[in-house]
Amino acid sequence: MKLTFENRTALVTGAGRGIGRAIAADLAAQGVRVICVSKSAGSCGSAAEAIRSAGGAAESLAVDVADGAAVAAACEKIQAEIGHVDILVNNAGITRDGLLFRMSSEDWESVLATNLTACFHWIKHLGRPMTQKRWGRIVNISSVIGLRGNAGQANYAAAKAGMIGLTKSVAREFAARKITCNALAPGFIETDMTAALAETAADAILANIPLKRYGTPADVAGLVTYLCSEEANYITGQVFTVDGGMVM
Ligand code: NAP
């Protein structure tokens, strides 16, 4: 479906692999210029190169999103060298699973910093110029785990639930400036993050998915692109599950 994007630039975190890479490619296919961010230069560089090879416009930037000072410096560099960012997709994320009594403070903090606090920093730095332009789109990639919790994932569930509260608050704060902010809660999507589980616990996972298959990064990307388009200008503060019917 051809959507409307009026000369827009997007920044996608975690664009090097998995869901973020699919989101970056999908936005680029609609004519959006995409800044691909990931932790390693090789990963975001190859995502940007793939977009350019397909005829799209993309740059890459290696940033550790868990480092607030690095995010601030990256935003300054982007505004000076690339220009205004209209669309922000907070997708970078990690898991460090373990039962709560065995979970280290380090595993708690790194998951909160990468999944949740990073969103605060990106929104703070890229959101202000959006308010001046009176147009913007922010999409945060949460998880069904943030809606229902999961044994062994207290850090990840807390971070993903936090992203939902952040999304709804930003939606309310920024609405007057025509900036929308929404969240997606994917279920089980086949990526590097879930590769080991998909092999070892396939029967148990599929038993809880009414559509009886894992999701693909493209299943998530299409909705993100729609939410970033002109057509989605009356949708804000929402959480969309993309999970084959796991959570109803
Ligand atoms: P993935 O395949 O593991 O890819 C994660 C991406 O995030 C990579 O590009 C990685 O960079 C980047 N990243 C991780 N830590 C970073 C950091 N500190 N700074 C910058 N970039 C960082 O993950 P995925 O499965 O696509 O997941 C993407 C998002 O969807 C995550 O927020 C995840 O929690 C969420 N989600 C996933 C699922 C699922 O089933 N897969 C379900 C629900 C929600 P490098 O490439 O440089 O390593």
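Of all residues in region 1-24, count the ones that are away from the ligand (no atom under 12 Å from the Cβ) and either open to solvent by 50 Å² or more (accessible area, probe 1.4 Å) or of a type in the set (Phe, Trp, Tyr) (or both).
6
With the requirement that a residue be farther than 11 Å from Thr236 by Cβ and open to solvent by less than 20 Å² (accessible area, probe 1.4 Å), what does region 165-186 give you?
Leu184, Ala185, Pro186
Can you pull out the helices (runs of 4 or more DSSP H) entirely within region 100-205 that have at least 3 residues that are of a type in the set (D, E, K, R)?
105-112, 118-133, 154-174
Looking at (1) surrounded by fewer than 19 Cβ atoms within 10 Å (Cβ to Cβ); (2) closer than 27 Å to Ile209 by Cβ; (3) touching a residue at least 60 places away in the same chain (Cβ under 8 Å), which one does Tyr156 not meet, given that it meets all the others?
Failing condition for Tyr156: (1).
Could you grab me the full set of residues in region 86-107 that are closer than 21 Å to Gly16 by Cα and within 16 Å of the ligand (Cβ to nearest atom)? Before you say what the answer is, go through the steps one by one.
We begin by selecting, within region 86-107, every residue closer than 21 Å to Gly16 by Cα; these are 86-96.
Residues satisfying the conditions are Leu88, Val89, Asn90, Asn91, Ala92, Gly93, Ile94, Thr95, Arg96.
Condition first: within 14 Å of the chain's Cα centre (by Cα), under 29 Å from Ser169 (Cα atoms), open to solvent by less than 10 Å² (accessible area, probe 1.4 Å) and touching a residue at least 24 places away in the same chain (Cβ under 8 Å). Can you find one or more residues in region 207-218 that meet it?
Going residue by residue through region 207-218, those that are within 14 Å of the chain's Cα centre (by Cα) are 217-218.
Narrowing the set further to residues that are under 29 Å from Ser169 (Cα atoms) leaves 217-218.
Then drop every residue that is not open to solvent by less than 10 Å² (accessible area, probe 1.4 Å), which leaves none.
No, every residue in region 207-218 fails to be within 14 Å of the chain's Cα centre (by Cα), under 29 Å from Ser169 (Cα atoms), open to solvent by less than 10 Å² (accessible area, probe 1.4 Å) and touching a residue at least 24 places away in the same chain (Cβ under 8 Å).
The values are calculated or read from the model by the stated rules, or taken from the named source; none is laboratory data. Remember, it's a predicted structure, so these values are computed and weren't measured experimentally. Cβ atoms come from the backbone with ideal geometry, glycine included; neighbour counts cover every protein chain shown. Surface accessibility is based on the protein's heavy atoms, side chains included, excluding ligands, DNA and RNA. Shrake-Rupley method; radii C 1.70, N 1.55, O 1.52, S 1.80 Å.
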